[in-house]
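Participant: Sharing a structure, written as C-alpha cells. Questions coming.
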Amino acid sequence: MHPIIMTLLLMVSVGLFAWQALRRWRLMTLGPKENRFDQIGERVRRTMLFAIGQARMPRYQAAGVAHVLIFFGFLVLVLNSLILFGRGYSAGFDFWGLFSHDCWFGAAYAFVKDVFIVLVILGTLVFFYYRLVARLSRMTLSPEGALILGIIFIMMVADVVYWGADEVLGARASGEAVVFSWVSPASSFFAVGMQDMGDAALTFWWHAGFWMHVLLVLLFLNLLPISKHFHVITAIPNVFAQSLAPRGRLPNVEDIEGKIEREETLGLARIDQLSWKDVLDLYTCTECGRCTDQCPAAKTGKVLSPKQLTLDLRNHLYKNEAKLAVGRAARSLGDGASVADDLVPEHVNPEMVWACTTCGACETECPVFITYVDKIIAMRRNLVMEKSEFPTELQNAFRGLESCGNPYSFPASDRAAWAEGLDVPVMAEKEEAEVLLWVGCAPSFDDRAKKVTQATAKLLKEADVDFAILGEEEQCTGDAARRAGNEFLFQMLAQANVETLNNYKFKKILTLCPHCYNMLAHEYPDFDGNYEVEPHAVYLARLVREGRLKLRNRVDAKVAWHDSCYLGRYNDIYEEPREVLRSIPGLTLLEPEATLDRGLCCGAGGAQMFKEEEEGDEKISIKRTGQLLDTKPDTLATACPFCQRMLLDGLADMDREEVGQYDIAELLWQAVETKEDDAVAS
C-alpha cells in the first residue's frame with residue numbers, strides 16, 4: 001500500500017514508545033528488589049482468573065461489564081490491527097489466506113471481530129455516559145479519559161468503514177453483488193450502505209479508515225507510558241506479581257535492631273525506597289476510584305483517599321524523574337546521596353496516613369491488585385520510629401504495651417480477673433491442653449468485652465472442651481503496635497509471646513479477637529510461631545454442628561449482623577458466624593445493605609481504637625451503626641471486641657441504646673444456658 005510511509009511511522013512511533021518505556025523501567029527499578037516470581041503455577045492461575053478473566057470487574061456491574069467488553073475486544077482486535085499493518089506493505093495481506101473469508105478460520109474470525117467491534121463501541125458509550133453525563137465522583141474526570149475513549153470509539157468506526165469499503169471494492173472487482181452477510185455483520189452492514197458510492201469516494205473512505213486505524217493505534221501506544229492508561233500494559237504483570245501471602249499479613253521487617261544500629265532508614269521515607277512492585281502499582285492505577293468509593297475514611301469525609309494517595313506518589317515519582325536518575329548514578333558510585341524529599345508531610349498529607357483503618361476494602365475492590373495498606377503502614381513506621389511523629393493518644397497505648405503488655409496499662413495480674421468463679425484452668429498449672437484460649441486485651445480488661453469471654457468459657461465447658469488460658473503470661477499480640485507503625489515494639493511482644501507459647505503443649509489456639517487471630521495465624525510464623533489458630537466464630541459453629549452444644553432456649557430477636565474486617569475481608573470467614581446465629585431458635589438474622597466483603601468497617605482497626613478519629617463529616621462508627629439500624633433490628637451482633645465497642649459507642653451517640661449489642665458467643669449462651677446456670681450467674 002505505502003510501505004515506505006508505514007515503515008517510517010513504525011520506526012518513529014515504536015522508537016518513541018521504547019524510549020518512554022525505558023524511562024518508566026528505570027524509575028521502577030530504583031528501589032529495593034523484591035521476589036515476585038515464586039509459585040509460578042499459582043501466579044499463572046490468578047492471572048488467568050483476575051487479569052484475563054476479569055473476575056473482579058463486575059463488582060461494579062455496568063462499568064465492569066463495559067470494561068470486560070472493551071478488554072476482550074482488544075484481545076480479539078489485536079489480530080485485526082496486525083492484518084491492517086501488514087496491508088501497509090501488501091494491500092491484500094490476510095496472513096497467507098488464514099484470514100480469508102474462504103477459510104473457515106478466517107470466516108469465524110471475521111464474525112467474532114465484527115461482534116466485538118460493536119461491543120467495544122457499546123462499552124465506550126457506557127464510559128462516555130459515566131464521564132460526561134453522570135460524572136461519577138469516584139472517577140478522575142480528566143480530558144485524558146475522554147480522549148482515550150474517543151480514540152477507541154473512532155478506531156472502531158474506522159475499522160467498519162475500512163472493511164465495509166473493502167467489501168464493496170472487492171465485490172465490484174469480481175462482479176458480485178453487495179449483500180448483508182452474517183459472516184461479517186457490521187462490515188457488510190456498512191458495505192450495503194456504501195454500495196452506491198462512486199469508486200473515488202469508496203477509495204477515499206477505504207484509505208481514510210485504514211490510516212485512521214493505523215495512526216490511532218500508534219498514537220494510543222505512545223500515550224500509554226505518559227497517561228493513566230499505562231495500565232493497559234502493566235495490569236497483567238501487576239496481577240501476576242501480586243502478593244501470595246495471606247491478605248491479613250503485613251510484610252515482615254527483618255533485622256530491625258541491625259537497621260537501628262546501622263542507622264538505616266526505618267519504614268518508607270522517600271519515593272526511591274518503593275520496591276519495583278510498589279512502583280508497578282502506581283503505574284497500574286487507572287483512577288477508577290473503586291478503592292476510594294469503598295474506603296470508610298473517604299465515605300465519612302476524611303482526607304484519606306486511596307486513589308489520591310496513589311496519584312500523589314505517582315506524581316511525585318514522575319516530577320522527580322531527573323533528580324532520581326542523578327541519585328541513582330550517585331548511589332552507583334557509592335556516595336549514597338539522598339535523591340528525594342521526605343514523602344510525609346511534603347508530598348503526602350499526614351492525615352491520609354493516620355486515617356486508615358487497615359480494613360482492606362480498597363484492596364478487596366481493586367481489580368488489578370494494587371496495595372495501599374502496606375505502603376501506609378510503611379510510612380507510619382518511618383513517622384513513629386524515626387521522627388516520633390504520631391497522634392499523641394497513641395503514646396498511652398505504646399507505653400501500656402511496653403510496660404504492662406496491654407494498651408490499656410492494666411497490670412498483668414488482672415488478666416484473668418474475668419474468670420473468677422468460673423474455674424478456668426491456667427496453662428502454668430495444667431501445662432497441656434487440647435485448646436489454648438487466647439483471650440486478648442479487650443476481652444481481658446474491658447468490662448463489656450469480659451462478658452463475651454465469660455460466655456465463651458461457659459460454652460467451652462458446656463461442650464466439655466479441654467482448654468486452658470495463659471493468664472498473667474499472656475501479652476498483647478502487638479496488632480495495634482504494628483499497624484500504628486511501632487514495628488520495634490510489635491516484634492518485642494511477638495518474640496515474647498512465641499517464647500511463652502512454645503513452653504506449652506496444645507493442639508489449637510482459640511481466639512476471641514479477629515485481630516489476635518490474624519496476628520497469630522499469619523504474622524507470628526515469621527517469628528517461629530507456627531500454630532493452628534481458629535477464631536471463636538468458627539470454633540463455636542463447629543461445636544453446634546457436631547451437636548456438642550444443646551440449644552435449649554429460644555432467643556426471639558431480630559439481629560443485624562456486622563462482619564469484622566479481620567474475619568471477613570482478610571480471612572474469608574463469613575458463613576460460620578451466620579451459621580451460629582441461624583442455629584439459634586427464634587432468632588431472625590438481618591443483613592444490612594453493605595454486607596459481606598462490602599461491609600463497612602466499624603472504624604477501630606489500624607490502631608484507630610486507641611486514638612481520636614481524623615476530622616470528617618461523621619464518625620465511621622456512627623455511619624456503620626446507622627447502616628445496621630436501617631434493618632430495624634432488636635440487637636446488633638458482632639464477633640470482635642473492637643467492633644462491639646465501636647457499635648456500642650455508635651448506639652450511644654445516636655441515642656439508640658434500647659437496641660442491644662451482643663457477641664455471637666453471648667447470643668449462643670442465651671440459647672444454651674440452663675435455669676441452674678442462670679441462677680448461679682445471678
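Just so you know, all these numbers are worked out from the coordinates, no wet-lab data involved. Here the structure is a predicted model, which means the values were calculated and not measured. Positions of Cβ are generated from backbone atoms using ideal geometry, with glycine treated the same way; all protein chains shown enter the neighbour counts.
Participant: Once the Cβ-Cβ distance between residue 108 and residue 146 is put in as r, and R0 is 45 Å, what FRET efficiency do you end up with, to the nearest 0.05?
Facilitator: On the way: r = 35 Å, r/R0 = 0.77.
Once the sixth-power term is evaluated, E becomes 0.85.
Participant: Sticking with this structure for a sec: How many nm separate the modelled label positions at residue 226 and residue 21, each set 7 Å beyond the Cα in the direction of the Cβ?
Facilitator: 1.7
Participant: When the helices in the chain are scored as -39500 (n - 2.57) per DSSP H run of 4 or longer and the sum is shared across all residues, what 222 nm value do you end up with, to the nearest 500 deg cm²/dmol? Walk me through the intermediate numbers first.
Facilitator: Values: 30 runs with 355 residues, N = 682.
It lands at -16000 deg cm²/dmol.
Participant: For the chain, would you read off the P(r) tail past 33 Å as a percentage of all alpha carbon pairs?
Facilitator: Counting every Cα pair in the chain, those more than 33 Å apart make up 57 percent.
Participant: Which whole number in µm²/s is D for the range 263-385 by Stokes-Einstein, with the Kirkwood Rh taken over Cα pairs at 4 °C and 1.567 mPa s? Please report the intermediate quantities before stating the final value.
Facilitator: Numbers: Rh = 15.0 Å.
For these conditions, the coefficient is 86 µm²/s.
Participant: Output the 0 to 90 degree angle, nearest 10, between the alpha-carbon long axis of helix 61-87 and the longest principal axis computed from the alpha carbons of the chain.
Facilitator: Taking Cα atoms only, the helix is inclined about 30 degrees.
Participant: For the range 3-233, just list the percent of Cα-Cα distances falling in each 5 Å bin from zero outward, please.
Facilitator: Bins of 5 Å from zero give 1, 6, 11, 15, 17, 16, 14, 10, 6, 3, 1, 1, 0, 0 percent of pairs.
Participant: Each residue of the range 398-410 in turn: what ³J(HN,Hα) in whole Hz from Karplus with 6.51, -1.76, 1.60 and θ = phi - 60°, glycine and Pro shown as x?
Facilitator: 4, 5, x, 5, 6, 8, 10, x, 8, x, 9, 6, 6
Participant: Would you list which aspartates and glutamates come within 15 Å of residue 228, measuring only between C-alpha atoms, while excluding same-chain residues fewer than 8 positions from it?
Facilitator: Qualifying aspartates and glutamates at Cα under 15 Å: 144, 281, 287, 312.
Participant: Through the Karplus equation 6.51 cos²θ - 1.76 cosθ + 1.60, θ set to phi - 60°, convert the phi angles of the range 638-649 into ³J(HN,Hα) values in whole Hz; use x for Gly and Pro.
Facilitator: Running phi through 6.51 cos²θ - 1.76 cosθ + 1.60 with θ = phi - 60° gives 9, 9, 8, x, 5, 4, 4, 5, 5, 6, 4, 5 Hz.
Participant: Quick one: check the C-alpha center-to-center distance for the range 632-647 versus the range 245-323, whole angstrom.
Facilitator: If we compute the Cα centre of each part, the gap is 32 Å.
Participant: Return the long-range amide H neighbours of residue 573 (sequence gap of 5 or more, or a different chain), with a cut-off of under 5 Å between placed amide H atoms.
Facilitator: Counting only residues 5 or more places away or on other chains, the set is 568.
Participant: Taking the Cα centre of each part, how many Å lie between the range 379-442 and the range 192-214?
Facilitator: Cα centroid to Cα centroid, the span is 76 Å.
Participant: Okay, next question. Using amide H atoms built in the peptide plane, which far-off residues or other-chain residues are under 5 Å from residue 533 H to H?
Facilitator: The answer is 509.
Participant: Per residue and in Å³, how big is the convex hull formed by the alpha-carbon atoms of the range 393-543? Before the final figure, lay out the partial values.
Facilitator: Values: hull volume 15.4 nm³, N = 151.
Cα convex hull per residue, to the nearest whole number: 102 Å³.
Participant: What share of Cα pairs, in percent, lie more than 21 angstrom apart in the range 545-681? Intermediate results must be reported in sequence, preceding the final value.
Facilitator: Working: 3974 of 9316 pairs.
Result: 43 percent of Cα pairs exceed 21 Å.
Participant: Which percent, nearest 5, of DSSP beta bridges in the chain are antiparallel? Could you put the intermediate results ahead of the total?
Facilitator: Working: 0 of 24 bridges.
Antiparallel bridges: around 0 percent, rounded to the nearest 5.
Participant: Sticking with this structure for a sec: On a straight-distance basis, which lysines could pair with residue 619 in a cross-link, Cα separation under 29 angstrom, same-chain partners fewer than 8 positions away excluded?
Facilitator: Candidates past the 8-residue exclusion: 299, 302, 307, 375, 387, 450, 451, 558, 611, 632.
Participant: Using only the alpha-carbon atoms, how far is helix 143-174 inclined from the longest principal axis of the chain? Give it as 0 to 90 degrees, nearest 10.
Facilitator: It works out to around 40 degrees.
Participant: If I take R0 = 22 Å and measure r between the Cβ atoms of residue 133 and residue 59 in this structure, what FRET efficiency does the formula 1/(1 + (r/R0)^6) give, to the nearest 0.05?
Facilitator: Details: r = 22 Å, r/R0 = 1.00.
Plugging the Cβ-Cβ distance into 1/(1 + (r/R0)^6) gives 0.50.
Participant: How much of the calculated P(r) for the range 343-386 lies past 16 Å, in percent of all Cα pairs?
Facilitator: Numbers: 363 of 946 pairs.
Of all Cα-Cα pairs in the range 343-386, 38 percent lie more than 16 Å apart.
Participant: For residue 557, which sequence-distant residues (separation of 5 or more, or a different chain) have an amide H within less than 5 Å of its own amide H, given hydrogens modelled in the peptide plane?
Facilitator: 587, 588
Participant: Just subtract the alpha-carbon distance of residue 49 and residue 597 from 0.36 nm times their residue separation and send over the number in nm, one decimal. Working shown, then result.
Facilitator: Working: separation 548, 0.36 × 548 = 197.28 nm, distance 1.87 nm.
In short, 195.4 nm is gained.
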